[in-house]
Amino acid sequence: MINEVASASGDFVEFFNPGQTAVNVSGWFFTDNDPDAGPTHVFTFGANTIVEPKAFLVIENGNAAGQFPFGLGDGDSVILRNAAAEKIDELTWTGAANTFGRCPDGTGTSKNMTRTKGTANACSTDGGTD
C-alpha cells in the first residue's frame with residue numbers, strides 16, 4: 001500500500017506491507033496523475049523487490065538507479081499498479097502536500113502529517129486532514 005508521500009523538500013514515496021506475508025513487487029510500477037493519454041511518469045520496481053510483512057519501502061526522487069525521475073506536485077496522486085497494470089492503490093492530495101500519509105499505516109485515512117520516512121506514521125502528531 002502507498003503509505004506516505006512527500007512532494008516538497010525531497011520527494012519520496014513510502015510503501016507499507018500491512019499483511020502477514022512478504023509481497024514480491026517486482027515489475028509493479030507507480031505513476032503520478034500525469035494528465036497525458038498514457039502515463040509518462042513511471043517508476044517500475046526492479047527484479048527481486050520484496051516488501052516483508054509490516055515493513056516499509058521508500059523510493060526517493062532523483063536520477064540515480066532505484067529512484068523515480070519525476071517530481072510530485074501540489075494536487076497530485078501516486079497510483080500503484082501490479083505487473084498486469086491493475087490498480088492496487090492510489091493516494092491523492094490537494095494543495096501543497098509537504099507530507100501526506102495514512103493513519104494507521106497502510107490502511108487508514110489519508111491526511112497531511114509530520115514526515116516519518118521509513119518508519120511508522122506519527123498519527124497522533126499529524127498536521128491535520130486534507
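The values are calculated or read from the model by the stated rules, or taken from the named source; none is laboratory data. On a predicted model such as this, the values are computed, not experimentally measured, just so you know. Neighbour counts run over all protein chains shown; Cβ positions are idealised from the backbone, glycine included.
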Counting just the residues of the stretch 62-93 that are in contact with an Asp or Glu (Cβ under 6 Å, 6 or more places away or on another chain) and in a loop (DSSP other than H, G, I, E, B), which one comes out nearest to S26 (Cα to Cα)?
-> Q67
For the stretch 99-116, which residues satisfy the criterion of being surrounded by fewer than 16 Cβ atoms within 10 Å (Cβ to Cβ) and assigned to a loop (DSSP other than H, G, I, E, B)?
-> P104, T107, G108, T114
Filtering strands (runs of 3 or more DSSP E) wholly in the stretch 4-49 for at least 3 residues that are out of contact with any His (no Cβ under 8 Å at 6 or more places or on another chain) and under 18 Å from A65 (Cα atoms) gives 12-16, 42-44
Do you know which residues across the stretch 9-66 are modelled with pLDDT of 95 or more, surrounded by 13 or more Cβ atoms within 10 Å (Cβ to Cβ) and acidic (D, E)?
-> E14, E60
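Just the residues that are of a type in the set (D, E, K, R) and either surrounded by 12 or more Cβ atoms within 10 Å (Cβ to Cβ) or in contact (Cβ under 8 Å) with a residue 24 or more places away in the chain (or both), please, taken from the stretch 67-98.
Matches in the stretch 67-98: D74, D76, R81, D89, E90.
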Here is a list of conditions, (1) of a type outside the set (S, T, Y); (2) in contact with a Ser or Thr (Cβ under 8 Å, 6 or more places away or on another chain); (3) under 17 Å from T114 (Cα atoms), and G10 meets all of them except one; can you say which number that is?
-> (2)
